[in-house]
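For reference, the structure is listed below as structure tokens.
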């Protein structure tokens, strides 16, 4: 039956087929034609914040990107959320939002009157936010996903960070040059240069000895400054390294249980960490969504 005259649909799947397979989901819905649509971060678009309405594919495939300079480049996060703001007619100024709780890779196409979502797996777990204003939609969205953490006051100061500081002595020199130039500095960061063999939770004993770094950090604290070391979310799969062995013992890693060399093995329940390649070489990945993974990582 048609919708009553006083009801204006904001999203509608009427007339479109839902495709639901193990590794492919497709859902198409109508949009209000006289509207602007925002969201689907993080990707740099030539249209700015408003999404293009020409059916161009927007891929949700977050990746390590050193620069946000070029357009159509994916960045560090995937957010399958869009906000529709009506721009004309009696509903002008009203807004609605749609969020899919699905972490699989996705392609989204947005046209003037419709949007198509295609996921490589998962379930259709959708949340609709009815506003009525755009600020209301954002509040409703955060009621679902949670609010950002309140940052410590010191983190709102001036930070210096780069890849390639070869030693603790160079870090100390950088801090000294800021002071000499009269530029306030609140926080200095270290990339993976400080690690031994790029192993997380380690120091390079020659270039970043722990005793020197402790003295360096104590000196920063005396000047009300902070040091932030990067922590890679990967643990070198080195059977001779206690950190990796403890993670395996705690069953803290994302697993490949049920598969051997990419093939499914029915009934296989052996705990087998998923191994990928990163700076430290073959590495396992902590499962932050599991209780044992979160507890193990926090204990390091």
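The values are calculated or read from the model by the stated rules, or taken from the named source; none is laboratory data. These numbers were taken from a predicted model, which means no experiment stands behind them. Because the Cβ atoms are built from the backbone with ideal geometry, glycine has one as well, and the counts that use them run over all protein chains shown.
The set of residues in the stretch 198-249 being assigned to a helix (DSSP H, G or I) and either outside the structural domain of residue 157 (by TED's automatic domain parsing) or at pLDDT below 95 (or both) consists of 242, 243, 244, 245, 246, 247, 248, 249. The single condition from (1) surrounded by 13 or more Cβ atoms within 10 Å (Cβ to Cβ); (2) within 27 Å of residue 229 (Cβ to Cβ); (3) more than 26 Å from the chain's Cα centre (by Cα) that residue 160 fails is (3). Selection within the stretch 132-157: residues that are more than 18 Å from residue 87 (Cα to Cα) and outside any helix (DSSP H, G or I). The member of this set that is farthest from the chain's Cα centre (by Cα) is 157.
Yes or no, residue by residue, for (1) at pLDDT below 95; (2) more than 21 Å from the chain's Cα centre (by Cα):
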residue	(1), (2)
69	yes, no
84	no, yes
91	yes, yes
112	yes, yes
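Does residue 83 fit the bill of being touching a helix residue (DSSP H, G or I) at 6+ places or on another chain (Cβ under 7 Å) and not in a loop (DSSP other than H, G, I, E, B)? Before you say what the answer is, go through the steps one by one.
Numbers: touching a helix residue (DSSP H, G or I) at 6+ places or on another chain (Cβ under 7 Å): yes; not in a loop (DSSP other than H, G, I, E, B): yes.
Here the answer is yes, as residue 83 does meet what is asked.
In the stretch 281-291, the condition of being closer than 25 Å to residue 103 by Cα, modelled with pLDDT under 95 and assigned to a helix (DSSP H, G or I) is met by at least one residue.
The set of residues in the stretch 168-197 being outside any helix (DSSP H, G or I), touching a helix residue (DSSP H, G or I) at 6+ places or on another chain (Cβ under 8 Å) and more than 16 Å from residue 224 (Cβ to Cβ) consists of 190 alone. Only a single criterion out of (1) surrounded by 15 or more Cβ atoms within 10 Å (Cβ to Cβ); (2) touching a helix residue (DSSP H, G or I) at 6+ places or on another chain (Cβ under 7 Å) is not satisfied by residue 134, namely (2). Residues in the stretch 27-51 that are part of a loop (DSSP other than H, G, I, E, B) and either more than 25 Å from residue 103 (Cβ to Cβ) or modelled with pLDDT of 90 or more (or both): 31, 32, 33, 34, 40, 46, 47, 48, 51.
Please work out which one of (1) within 20 Å of the chain's Cα centre (by Cα); (2) buried (at least 16 other Cβ atoms within 10 Å of the Cβ) is the condition residue 129 fails and give its number. Looking at each condition in turn, residue 129 falls short on (1).
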